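Here's the structure, in structure tokens; my notes come after.
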Amino acid sequence: MAKHKLLITGGAGFIGSHVVRLFVNAYPDYDIVNLDKLTYAGNLENLKDIENKPNYRFIKGDITDGDFIQNLFASEHFDGVIHLAAESHVDRSISNPLAFVVTNVVGTVNLLNAALAHWKDDLSQKRFYHVSTDEVYGSLGDTGLFTETTPYDPKSPYSASKASSDHFVRAYHNTYGLNVVLSNCSNNYGPHQFPEKLIPLFINNIKHNKPLPVYGDGKYTRDWLWVEDHATAIDVVYHKGRIGETYNVGGFNEWQNIDLIKVLCKTMDEKLGRETGSSEKLITYVKDRAGHDRRYAIDATKINQELGWAPSLQFEEGIAKTVDWYLANEEWLDHVTSGAYQQYYEQQYDQR
Ligand code: NAD
Ligand code: TYD
């Protein structure tokens with residue numbers, strides 16, 4: 001029997017690299033292709049440990065190039081897609097919304113078109129999995145949780161572009177019968193996250209005794225999930241999720257930013273052998289993000305009850321592991337902050 005051929009998009013990014021690693025290690029009988037444009041957020045150094053495995057291949061390419069995507073599907077005969085490639089940083093979306101429309105909306109529709117064109121005779125046997133965010137639901141008040149039926153109310157250019165792509169995925173299921181499944185996940189943290197997002201940025205700044213820029217009053221709330229737990233959720237949704245369904249993924253782990261930052265400061269003081277309280281002195285309140293969503297929190301009951309998924313790590317343990325990883329992987333962090341990681345592709349792949 002032919003091997004199951006799986007396309008993972010955005011596999012050189014933060015979450016994508018954890019998903020690629022999980023699938024490559026767990027499914028030696030799959031043929032796994034990682035398609036990534038290697039934007040500033042894509043880093044093949046994230047995948048050094050699995051890059052020579054026989055069931056893994058990397059292809060550099062752009063999901064916004066419709067002809068390229070059509071040709072890729074024609075030559076590769078994929079059985080399934082897990083689509084993570086995206087522009088993902090809210091602050092960047094505020095500076096340049098159009099880039100988010102092009103990658104997140106047009107890129108997703110290119111993939112949907114290619115899947116439909118190449119799978120049309122066998123639609124129910126193929127699977128298109130779209131990985132999305134809880135930010136599509138907008139912002140919560142002090143109480144309540146996002147469920148799968150919460151109306152969409154995106155408020156940043158990033159979340160608006162992700163919401164739009166989610167709608168296209170569901171429309172292709174409703175209109176053409178594409179076998180889709182979606183998940184909407186809360187904020188992830190862990191190794192390999194690009195240090196412009198809150199946790200890795202603050203770890204790096206504490207390390208270098210630089211100010212910690214807290215937006216607004218610091219009382220914004222996020223629901224944090226260990227990135228490897230997101231990868232296990234993606235595994236169960238890809239294999240067991242019902243056609244056309246959406247699953248919310250979260251850690252039941254809400255933190256106000258300022259409380260999380262204090263835990264991070266305390267952990268860093270301990271790990272670096274600094275006097276308790278020294279990292280907190282770096283906290284600096286700065287101008288708020290425009291249109292800053294106040295609170296996100298996920299109700300992950302459906303994926304738990306239907307598919308048996310649950311997060312594995314408590315937050316304090318996850319934060320300690322994350323700090324340990326960033327401190328032990330100085331070279332990764334230095335390459336990312338200096339831009340040197342972008343040469344890795346040429347060194348590693350151009351001479352092949
Ligand atoms: P990331 O920014 O770290 O990685 C995105 C990857 O996509 C990068 O490797 C980048 O090179 C690639 N990419 C970007 N544009 C591309 C293009 N045009 N063609 C091909 N590849 C391209 O993002 P992440 O944090 O790993 O998020 C991955 C996915 O998960 C996104 O779809 C995001 O919306 C979603 N998500 C993220 C979080 C989070 O907390 N980070 C939470 C929920 C959902
Ligand atoms: P971020 O990691 O950018 O994720 P998202 O905006 O997608 O939730 O930010 C997490 C929270 O931290 C968010 O409320 C914004 C805040 N934040 C700061 O206070 N300072 C910073 O420098 C950054 C990057 C984020």
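No value in this document is a laboratory result; all are computed from the given coordinates. Just so we're clear, the structure is a prediction, and the values are computed from it rather than from any experiment. Every residue, glycine as well, gets a Cβ built from its backbone with ideal geometry; the counts of neighbours run over all protein chains shown.
Summarised in one figure, the compactness ratio Rg/Rh of region 170-219, Cα atoms and Kirkwood Rh, is 1.30.
The helix-based estimate of mean residue ellipticity at 222 nm for the chain, built from -39,500 (n - 2.57) per DSSP H run of four or more residues and divided by its residue count, is -12000 deg cm²/dmol to the nearest 500.
Taking only the alpha carbons of region 10-50, we obtain Rg and Dmax values of 9.8, 32 Å in that order. Scoring 65-76, 241-252, 214-225 by mean Cβ neighbours within 10 Å over their residues and listing the highest first yields 241-252, 214-225, 65-76. Based on the Kirkwood approach, the hydrodynamic radius assigned to region 83-133 is 12.3 Å, with every pair of different Cα atoms included. Modelled spin labels at residue 167 and residue 330, positioned 7 Å past Cα toward Cβ, are 5.0 nm from each other. Its residue count N fixes a reference of 2.2 N^0.38 Å for region 140-201, and the Cα radius of gyration divided by that reference is 1.42.
The DSSP beta bridges internal to the chain are antiparallel in roughly 5% of cases. Calculated on C-alpha atoms, the gyration radius of region 32-164 divided by its Kirkwood radius gives an Rg/Rh of 1.01. Within the shell defined by Cβ-Cβ distances under 12 Å, the residues around residue 191 carry a net charge of -2, with Lys and Arg each +1 and Asp and Glu each -1. For region 1-76, the calculated P(r), taken from all Cα-Cα distances in 10 Å bins from zero up to the bin holding the longest distance, is 20, 52, 27, 1 percent.
Taking every Cα-Cα distance in the chain and sorting them into 20 Å bins from zero, the calculated P(r) comes out as 30, 60, 10, 0 percent.
Find the relative contact order for the chain and round it to a whole percent, using C-alpha pairs within less than 8 Å whose residues are 6+ positions apart. Intermediate results must be reported in sequence, preceding the final value.
Values: 649 pairs, mean separation 61.7, N = 352.
The normalised contact order for the chain reaches 18 percent.
The Kirkwood hydrodynamic radius of region 98-162, based on inverse pair distances between different Cα atoms, is 13.9 Å. Hull volume per residue, based on the alpha-carbon atoms of region 205-250 and their convex hull, is 113 Å³. If R₀ is 56 angstrom, what is the calculated FRET efficiency for the pair residue 347 and residue 240, using the beta carbon separation as r and rounding to 0.05? Computed FRET efficiency for residue 347 and residue 240 comes out at 0.90. With each label modelled as a point 7 angstrom along the Cα→C-beta vector, the residue 40-residue 98 pair spans 1.8 nm.
Other residues within the sphere of radius under 12 Å centred on the Cβ of residue 288, judged by their own Cβ, net out at +1 (K and R +1, D and E -1). All Cα-Cα separations within region 242-324 were binned at 10 Å from zero, giving a P(r) of 14, 33, 30, 17, 5, 0, each value a whole percent of the pairs.
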